[in-house]
Structures are given as C-alpha cells and as structure tokens.
Amino acid sequence: MIVVLQNNCEPEKVDHLENWLENLGIKVHVFKGEFQTVFGLIGDTSGIDIGMLEGLDVVKSVKRISEPYKKANRQFHPEDSVITAGGVEIGGGEFHFIAGPCSIESEAQIIEIAKKVKAAGASFLRGGAYKPRTSPYDFQGLKDLGISLLVEAKRETGLPIVTEIMNANHLRYFEEVDIIQVGARNMQNFELLKELGHTNKTILLKRGLSSTIKELLMSAEY
C-alpha cells in the first residue's frame, strides 16, 4: 500500500501518522521527493480502513499495489533515483562510464589502466579482485590484495572504485570500495544480499543468468 501525502504538511502531523501506522505493526518507508512525500507500507495492511486514511487532512491519496517488490517500485517513489557514490552523482540525467580490467594482476597494471581510464573520460574504475570461475583450477583473483591495489589506484587517480563481492565474510575488505558489485551468479545469493542490505554502500546488482525482471527486482529489495 502507498499513502501519498498532501504538499506542505505539518511535520508533526506526518510524524503522528507514521507512528500510528508503525504501532499497527506496519513497516513504513518514507520517500521524500522534491514536491511530494510518499509512505510505502509493508506488512499486513488488510485491516487498514482506506476511507479513514483518505479522510485525514494530511493524506492526498491511498492505493493498494499488487506487485511484491516495494522499494524498487515506481509507485513508492515516482521520482527518479539519484545516488551519490564516491562523490559522483548517478541518475538525474547524469551518464557515467565504469571501466577497468577484468582482473587486477599487479600494482603497475591497475595504476596504468586507471590513468588511461581517467584520461578516456570514465567516472569510475572497476577491477576484479575476487573472480568467480567455472574451473577451480583457473585464476581466482588476488582477493584482498587485489582490493588493496585497487584502493591504491583510487588514491593515485582520484577515481571512485567498483569491484565484485562473492562472500559476506569479505565485507571488511570493502570499506574503501565505493560501489560493491554483485555478479550474475550471486544475484540470488540471499544471505549475501541481506548482509549488503545492512551496509551504506551503493550496490551494483547484475541480472542473473536466465533470471526474470521480477526476480531481479525482488533481489534488489534486499
């Protein structure tokens, strides 16, 4: 269910409505746009009287939605999402390139590529430190050392960095990473997604092999 509030509502009345809904056991996600504030209600809303809600002076409209994804739903936040990662604004008409090597192999390699990537106009540097491979005998990446080298390239060039995570236990190595990538193979690694949901990091979620749009959006909910 979404509750669209009137423009220029008194903050005290908005807080009162939010607290009342939460006391009913409803989780309230507040989306504040430039011109409109929307409450996204998650939980059992079957007992809520829509007519009563619509009768409140702070409420403009109420609508039940059938899609299972809420946070990734345009009806919850109709305005475009604008995300800042590493000081770079993504969305709102801005377009950026993320570029870099498939695998980080050495300090000299990643710094040289970082300088070329920046000179070519890219906004982010990416590089693989943890590499998911079909064969257990193939190169699996430099792991935490690779992230350290990527961070060094960030300091050398000023470019924000992007790299893939494969295991929640590795999160401690990602403190200086600006965007954490979740690869296609891990799109439905729900325990990993739950842990990432507790961070304040920007997540680049790749669509899994043969996954539907709905499945991708449900993974994004985490």
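The values are calculated or read from the model by the stated rules, or taken from the named source; none is laboratory data. Predicted, not measured: the structure shown is a model, and the values here were computed from it. Methodologically, a virtual Cβ is constructed for each residue, glycine included, from the backbone with ideal geometry; neighbour enumeration extends over all protein chains shown.
Screening ALA114 against (1) in a strand (DSSP E or B); (2) farther than 30 Å from VAL4 by Cα leaves a single unmet condition, (1).
The condition (being on the phi < 0 side of the Ramachandran plot and part of a strand (DSSP E or B)) is satisfied by just one residue among GLU164, GLU176, GLU191, GLU195: GLU164.
Looking only at residues of segment 44-75 that are modelled with pLDDT under 85 and small (Gly, Ala, Ser), we find that the one that is farthest from GLU221 (Cα to Cα) is GLY47. Residue-level check: of (1) among the hydrophobic types (A, V, I, L, M, F, W, C); (2) touching a Ser or Thr at 6+ places or on another chain (Cβ under 9 Å); (3) surrounded by 15 or more Cβ atoms within 10 Å (Cβ to Cβ); (4) more than 25 Å from GLU195 (Cβ to Cβ), ILE104 misses just (4).
What pairs can you find where one residue is in segment 72-92 and within 13 Å of VAL38 (Cβ to Cβ), the other is of a type in the set (Val, Ile, Thr) and modelled with pLDDT under 85, and their Cβ atoms are less than 7 Å apart, with a gap of 6+ or different chains? Short answer, once both residue conditions are applied: ASN73/ILE65; GLN75/ILE65. Just wondering, is there one or more residues in segment 93-101 that are within 15 Å of the chain's Cα centre (by Cα) and at positive phi? There is no residue in segment 93-101 that is within 15 Å of the chain's Cα centre (by Cα) and at positive phi. Annotation for segment 26-48: no member residue is assigned to a helix (DSSP H, G or I), surrounded by fewer than 11 Cβ atoms within 10 Å (Cβ to Cβ) and not β-branched (Val, Ile, Thr).
Listed residues LEU192, LEU159; which is more than 16 Å from the chain's Cα centre (by Cα), crowded, with 19+ Cβ neighbours inside 10 Å and at pLDDT 95 or above? Let's see the steps before the verdict.
Working: LEU192 fails: more than 16 Å from the chain's Cα centre (by Cα).
Of LEU192, LEU159, the one residue that is more than 16 Å from the chain's Cα centre (by Cα), crowded, with 19+ Cβ neighbours inside 10 Å and at pLDDT 95 or above is LEU159.
Scanning segment 127-150 for residues that are surrounded by fewer than 18 Cβ atoms within 10 Å (Cβ to Cβ) and within 24 Å of the chain's Cα centre (by Cα) returns PRO132, LYS143, ASP144, SER148.
Return the only residue of GLY86, GLY91, GLY51, GLY55 being within 30 Å of LYS154 (Cα to Cα), surrounded by fewer than 16 Cβ atoms within 10 Å (Cβ to Cβ) and not aromatic (Phe, Trp, Tyr).
On the way: GLY86 fails: surrounded by fewer than 16 Cβ atoms within 10 Å (Cβ to Cβ); GLY51 fails: within 30 Å of LYS154 (Cα to Cα); GLY55 fails: within 30 Å of LYS154 (Cα to Cα).
Within the list GLY86, GLY91, GLY51, GLY55, the selection yields GLY91.
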